[in-house]
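Colleague: Just dropping this structure here.
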Amino acid sequence: MIILGLILLIIGLLVGVGPLTTIGGILILVGAILWLLGATGRAVGGRKHFF
């Protein structure tokens with residue numbers, strides 16, 4: 001999710017599309033939060049492990 005957000009953010013900045021940049025930033029933020037919660041061992045989405 002972080003990588004997808006980064007790609008959308010870069011494309012949005014290069015092309016000049018505001019909503020694409022906003023969506024990319026939101027995806028980076030949500031991905032970082034989920035990554036931190038998963039790294040602390042907290043259950044995310046009812047799962048403690050991704051696999």
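FYI, it's all coordinate maths here, none of it is from the lab. The shown structure was predicted, so the numbers you read here are calculated from the model rather than taken from an experiment. Cβ sites come from the backbone with ideal geometry, for glycine too, and all protein chains shown count toward neighbours.
Colleague: Distance in nm between label sites at ILE26 and ARG42, each 7 Å beyond Cα in the beta-carbon direction?
Modeller: 2.1
Colleague: On a full-extension model of 0.36 nm per residue, what is the gain between LEU4 and TRP35, subtracting their alpha-carbon distance, rounded to one decimal in nm?
Modeller: In short, 9.8 nm is gained.
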